[in-house]
Every structure is written in C-alpha cells, then in structure tokens.
Amino acid sequence: MTTPTRSAPTYIDGIYAPVDDELAVGDLAVEGELPAELRGMFVQNSPNPRLRPEGAYHWFDGDGMVHGVAIGDGRAGYHNRWVRTEAFAQEEAAGRPLWRGILEPMREDRLEKDTANTDLVWHGGRLLALWWLGGVPYELATPSLQTVGPIDFGGTLRGGVASHPKVDPVTGELIFFDFDVQRAPYLRVGVASPDGRVTHATEIDIPGPRLFHDIAITERHTILLDLPMTWDAERLAAGKRRVRFERDTPSRFGILPRHGAGGDVRWFEAPACYIYHTINAWEETTASGGTAIVMTGCRIDDPIPRTPPDAEPTTPRLAFLRLEPYLTRWRFDLETGAVTEERLDDVPTEFPRTNDDRLGRPTRWGYAPRIAAEPTLLFDGVLKYDLDDGRATRHVWGEERFGSEVVFVARPGAADEDDGWLLSLVLDRAADRSELVVLDARDLAAAPLARVRLPRRVPVGFHAHWVPGSGLA
Ligand SMILES: [Fe+2]
C-alpha cells in the first residue's frame, strides 16, 4: 500500500491563470438593479504574472493587477491594469523574467520582486497598491487604474509600507507598518496624515524576523502581532526562504499608543497561533474603570502542517501554509495585564472585513468569506457574524462559484452599522467568467440585489477595497 502524496498547489492554471490584456469596458450587463445610492469603485488586487515565470511559481509571486468595477447611476464599467512597478518596467524592457519566485533559491543581486500585488487602500484621495512583504506604495488613478507612480509621502517615508495599513475614519490618518526579514529593526510602525505626510514613525524591538501580515487599530492604540511564524535565519543565510512555526513560543500582542515610541509598547502573551487578518479592535471601559482592548480576527492554531504533504524535504514550507482560521476574540486588560482568548465559531473563514467607517470603534458586525473544502484558498460563500456571540447568517455563491474578499459599503447617511451593501467578485468556474455581486448587508439570505456581468474571468485574487465617489462609472 502506498501513501498518496500531494504536491504543492500550482497557481498558474485554471481559475488562477493570468489574463494578458488590459480592458476598459462600459455599460456592463446588470441582472437585477444596482442601488441608485451606490457610487464608487470596487477594486481588487491580484497576482497576474506578465511573463511566464521561470522555475517554480507561487501565488504570492505574480505581478500586481488591479481589477475594478466602477458604479454610478445604476450603471457599471470595468477596468483592469497591471501595477507598473519598477520591477515590472525592468522585466518588460528586458523581455524576460529578471526575478524568480519565493520557492526558488534567493539571489543576492535581486532579492524579492516588489510586485505591489496584495492590498489596496484609499487614503487622502489616493488609491495605493501595496505588497505583502512591505515595499513601495504605488498610486493608481481611478477609474482607469493606470499607475501614477511610486509615492514616498512627500519625502517623509523611510522604508516601505506593508499590506493592511488602516485608515482611521475620524482623523483620516493612515496607520501603517513595514518589516524586514533579514536585519533589525524587524518592525516599523508609522502614521501618515490625510494630506499625505508621515507625521510619526517608530521602530519596534522584536526578538527576530517574523512573517508579519496585519495590525489592528483603536481610537488611540495600534495593536501589533508578534506571532511565532519566524524566518529560519540559518536557511536565510544559505539563500533559502523558509518560515517556521514555533509552537512553544507564545504569541505576543503589542499595544502601542498611536503616536508612541517603540519603548511604549505594552506586550501581552497568549498561546502560539498565526493571524493573517484582523477584523477590528476597540477600547472598552472595564468594571473597575480601566481600559481593555477588544480585538477580533481569524486565528489559525497550526499554520504549517507538522509533516508537509510532499515527498520532497527541501520544498520550502511557504508552499504549504495551511489555512484553518476561526473567528476569535481577544481581550487585553491594560490595567491588570490579563488576556482572554475566545473562539466564536467553528466555520473556517478568512479575509474578514467590517464597516470601515467605524474602524477602531465598537462594531457588532463582521463579514467573512467561508473557505471551501478545496486544497487551496477558495471562498464558497460569505458569513455575516455577530461579533458579540459568533452567530452568523450566510450567503452561498452557488455550485462551482467562488467569491472574493467582500467589501462593505455603507448607505449614505445610514444610522445603522449594517445598513449598506456587500460587494464581491464571484468567479464561475464552469462558465470561466466573473461577475460582481451586490448583496443587501442586512439580509444575506436574500437573492443578490444585482449581478454585474464582467467581460472576462478575474483570476482568484487577494484583497479588495472600495473607492467612494461619483463620476467613476
Ligand atoms: Fe492579507
């Protein structure tokens, strides 16, 4: 009897296959009715290699391509463009790949390719594309999605900006972080003003290199996630990327006053875990009149299988990052130092979002795509969580249909937190086609309000965002 082995997933074919053209198409067919008050642009960043990769390809490697659906007056239009990064321009000029992916041995002359392929944020009237390893932010025009160019916040940015910065909806500040896997400082945190200048930056003393991915904010604090997903220093020195999950090392959660120095961080410990994404955090007054920080996110107990499902022991473990995340709530008591951690649901979900107009303040509702029973990261529906108790309602996309990260858009002037719409790209595998689906966020069980047919398949991608405004469609 032989034990079946599973190879590392490939991300270059099928529903992941890159598209090779850039379109601008107006007046898309709409089934149902787009809400008249819905004005703006849904945008999603996706890895989409411009050139056929040399060597092993990982989903994280591809050049950034942003797909957008601009909506206004009940009409919709589609745009997609590559993010023209410095590396993209160099490879286009050379006509061949100059970098290799993260599964290949590192090259001293060309470390990692900054693709800006991961995240998008709308800040100070600018749409920025960002990279998971922390790189140069690139500004994109709307609705064309053409790359305006790299930005350095008027010369005030030192270092880069990693994916998942947060915009304070009241002050308009951008709270961001950046990290380094080879040398200290391993983590930096900064704040940029709404007019696009870095007003505060500090270095955080971390014991070693980590795979950082997200932060959370409250009205006054930034929550840092020093989790025991570390880079193997010996292997890094030997030119090999390998992440390691140290199961006996506690997770550390750092509470930093938003404009505080690195030495002001207050650390809280909890059992080892990994967290790709938080939903929200806020401050609460405790029974004794003190302050506690509440944070929700998707917690992974064991992000790397103990035995990678592959017969080849030299395969980098980045190929096998495992996603079994569950909605979890942490509570950090700033007076007593006590930490509580509570799993709220047993359904695996990821890419969670809330009403970003209330980020950093108490929110009752979270929206999280449900992970399908597939070997790779596909979402077969979306759950609307009551963050108080983990109860959920759901919308399932349908057979052979897979959603993206959902974006919540508040109805203009809405009083209730969940009065608005949920938007998701949905890919129909059988039809090899995508659409943008608009749901009523107060009634997930209902049929979609609108389904906007896109002129093409959008490859399975990463993070989505909403750009508010009229005149985009
Ligand atoms: Fe992410």
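One line per residue, one yes/no per condition, for (1) more than 16 Å from the ligand (Cβ to nearest atom); (2) in contact with a Phe, Trp or Tyr (Cβ under 8 Å, 6 or more places away or on another chain):
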position	(1), (2)
Glu400	yes, no
Val409	yes, yes
Leu423	yes, yes
Ala441	yes, yes
Ala445	yes, no
Arg451	yes, no
Pro455	yes, yes
Val460	no, yes
Ala473	yes, no
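Put simply, of Gly390, Gly366, Gly403, Gly381 the only residue that is surrounded by 19 or more Cβ atoms within 10 Å (Cβ to Cβ) and more than 21 Å from the chain's Cα centre (by Cα) is Gly390. Considering only segment 225-236, state which residues are of a type in the set (A, V, I, L, M, F, W, C), crowded, with 21+ Cβ neighbours inside 10 Å and more than 16 Å from the ligand (Cβ to nearest atom). Once the filter is applied, which keeps residues that are of a type in the set (A, V, I, L, M, F, W, C), crowded, with 21+ Cβ neighbours inside 10 Å and more than 16 Å from the ligand (Cβ to nearest atom), segment 225-236 yields nothing. All of (1) more than 16 Å from the ligand (Cβ to nearest atom); (2) under 21 Å from the mean Cα position of the chain (by Cα); (3) modelled with pLDDT of 95 or more hold for Asp119 with one exception: (1). Are any of the residues in segment 363-376 touching a helix residue (DSSP H, G or I) at 6+ places or on another chain (Cβ under 9 Å), at pLDDT below 95 and within 16 Å of the ligand (Cβ to nearest atom)? Yes; the residues of segment 363-376 include at least one that is touching a helix residue (DSSP H, G or I) at 6+ places or on another chain (Cβ under 9 Å), at pLDDT below 95 and within 16 Å of the ligand (Cβ to nearest atom).
In summary, Arg451 fulfils each of the numbered conditions (1) in a strand (DSSP E or B); (2) loosely packed, with under 15 Cβ neighbours inside 10 Å; (3) of a type outside the set (S, T, N, Q) with the single exception of condition (2). From the residues in segment 237-285 that are touching a helix residue (DSSP H, G or I) at 6+ places or on another chain (Cβ under 8 Å) and part of a loop (DSSP other than H, G, I, E, B), which one is nearest to the ligand (Cβ to nearest atom)? That would be Arg241.
Let's see how each residue does on (1) closer than 19 Å to Arg188 by Cβ; (2) out of contact with any helix residue (DSSP H, G or I) (no Cβ under 9 Å at 6 or more places or on another chain):
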{"site": "Ile102", "(1), (2)": "no, no"}
{"site": "Pro105", "(1), (2)": "no, yes"}
{"site": "Val121", "(1), (2)": "yes, yes"}
{"site": "Gly125", "(1), (2)": "no, yes"}
{"site": "Gly134", "(1), (2)": "yes, yes"}
{"site": "Pro137", "(1), (2)": "yes, yes"}
{"site": "Thr142", "(1), (2)": "no, yes"}
{"site": "Leu145", "(1), (2)": "no, yes"}
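Taking (1) out of contact with any Leu (no Cβ under 6 Å at 6 or more places or on another chain); (2) modelled with pLDDT of 95 or more; (3) within 16 Å of the ligand (Cβ to nearest atom) in turn, Ala415 satisfies each apart from (3).
The values are calculated or read from the model by the stated rules, or taken from the named source; none is laboratory data. Since we're looking at a predicted model, the values are computed, not measured. Glycine also receives a Cβ, built like all others from the backbone with ideal geometry; neighbour counts cover every protein chain displayed.
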